[in-house]
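See structure below.
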Amino acid sequence: MSASGGTKAVVAALGANLAIAVAKFVAFAFSGSSSMLAEGVHSVADSGNQALLLLGGKKAQRKASEEHPFGYGRERYVYGFLVSVVLFTIGGVFALYEGYEKIREPHELDNWYWPVGVLLFAIVAEGFSFRTAVREADALRGGQSWSAFIRTAKAPELPVVLLEDFGALVGLLLALGGVGLTLATGNGVWDGIGTLCIGALLVVIALVLAAETKSLLLGEAAGPEQIARIRSAMVDGETVTGVIHMRTLHLGPEELLVAAKIAVRHDDTAERVARAIDEAESRIREAVPIARVIYLEPDIRR
């Protein structure tokens, strides 16, 4: 996985979630808090998700073959989509079920200091993971807002980790609120309500991730700035006089296909046109380094 894929952010999130998951299950065993059980399952799901992202990054590095001549870059999109499925089913749906069961049959918390202590520890650990993801994303998003970055990012890892960590922090606060209200009122229903809120949050995040990764799987074009640079680099004003039409497609986060029909002068020789195409390809790759697969077709503008 390349640096832009956010490997550091994924590894930081994996380490934090594994430690947090163990702590949450211990707290659940001592307290019986459904919020802690839901949060423990949430952390296990998140850990599995980070492992899927790392696996997808590894598989995407395979070389192109006859069966897959454009390589395996989209493996990262496939595993990013699997993350949204895992988060929805194991994280969100399980938490909704646990919340419903706890509201139907509430009970007081035992050893309340366990869930409170673990939640505070988890907030610190998730905060560290979230800060790492934010730092990694800041180097890539430029002047974009966070929502625009998540919508337009071509590498799925950073948006996934950002949304997961954000959801985890909000979920921890919801769990802390549910536990706190249960302790204050002596009514275990509040713990169940906190669990329901965690489940609803995870379902929403999973749906957002699914929509974004589905778009990447279907195939997205280069961004507007990249398209403008490619068009500008294609034309030399001598042999290549213009771009008749152009299509771009991401074969992976760091690999772009460019196909275009370019206008050439009607009296140019085949040798000159061929040389102009080679030079145009060099200029495109210099302007947009991820444009690795380029097909240019010369034509006369009519």
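The values are calculated or read from the model by the stated rules, or taken from the named source; none is laboratory data. Note that the structure is predicted; figures quoted are calculated from it, not measured. Cβ coordinates were reconstructed from backbone atoms using ideal geometry, including for glycine residues, and neighbour counts include every protein chain displayed. Surface areas here come from the heavy atoms of the whole protein model, side chains and all, with no ligands, DNA or RNA. Shrake-Rupley method; radii C 1.70, N 1.55, O 1.52, S 1.80 Å.
Of the residues making up region 91-128, those that are modelled with pLDDT under 85 and either hydroxyl-bearing (Ser, Thr, Tyr) or in contact with a His (Cβ under 6 Å, 6 or more places away or on another chain) (or both) number 2.
Return a yes/no flag: does region 154-167 have any residue that is modelled with pLDDT of 85 or more, farther than 21 Å from Leu52 by Cα and out of contact with any helix residue (DSSP H, G or I) (no Cβ under 6 Å at 6 or more places or on another chain). No, there is no match, as no residue in region 154-167 is modelled with pLDDT of 85 or more, farther than 21 Å from Leu52 by Cα and out of contact with any helix residue (DSSP H, G or I) (no Cβ under 6 Å at 6 or more places or on another chain).
Take the conditions over 26 Å from Tyr72 (Cβ atoms) and of a type in the set (A, V, I, L, M) and apply them to Ile294. Does it pass? Here the answer is no, as Ile294 does not meet what is asked.
Every test in (1) of a type outside the set (D, E, K, R); (2) buried (at least 17 other Cβ atoms within 10 Å of the Cβ); (3) under 25 Å from the mean Cα position of the chain (by Cα) is passed by Ala221 save one, and that test is (2).
This table checks each residue for (1) in a helix (DSSP H, G or I); (2) open to solvent by less than 70 Å² (accessible area, probe 1.4 Å).
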residue: Gly91; (1), (2): yes, yes
residue: Ala95; (1), (2): yes, yes
residue: Ile103; (1), (2): yes, yes
residue: Leu120; (1), (2): yes, no
residue: Ile123; (1), (2): yes, yes
residue: Phe130; (1), (2): yes, yes
residue: Val134; (1), (2): yes, yes
residue: Ile150; (1), (2): yes, yes
residue: Lys154; (1), (2): no, yes
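Can you confirm whether Lys58 is assigned to a helix (DSSP H, G or I), modelled with pLDDT of 85 or more and under 26 Å from Thr248 (Cα atoms)? For Lys58, the condition - assigned to a helix (DSSP H, G or I), modelled with pLDDT of 85 or more and under 26 Å from Thr248 (Cα atoms) - is met. Comparison of Glu220, Glu212, Glu164 shows that the only residue that is under 30 Å from Tyr295 (Cβ atoms), assigned to a helix (DSSP H, G or I) and among the charged types (D, E, K, R) is Glu212.
Selection within region 237-271: residues that are charged (D, E, K, R), closer than 15 Å to Asp299 by Cβ and not in a loop (DSSP other than H, G, I, E, B). The member of this set that is least open to solvent (accessible area, probe 1.4 Å) is Lys261. Taken over region 21-50, the criterion of being open to solvent by 50 Å² or more (accessible area, probe 1.4 Å) and either over 18 Å from Glu98 (Cα atoms) or in a loop (DSSP other than H, G, I, E, B) (or both) is satisfied by Val22 alone. Open to solvent by 10 Å² or more (accessible area, probe 1.4 Å) and either among the hydroxyl-bearing types (Ser, Thr, Tyr) or touching a residue at least 24 places away in the same chain (Cβ under 8 Å) (or both): is that true of Lys58 in this structure? The answer is yes for Lys58.
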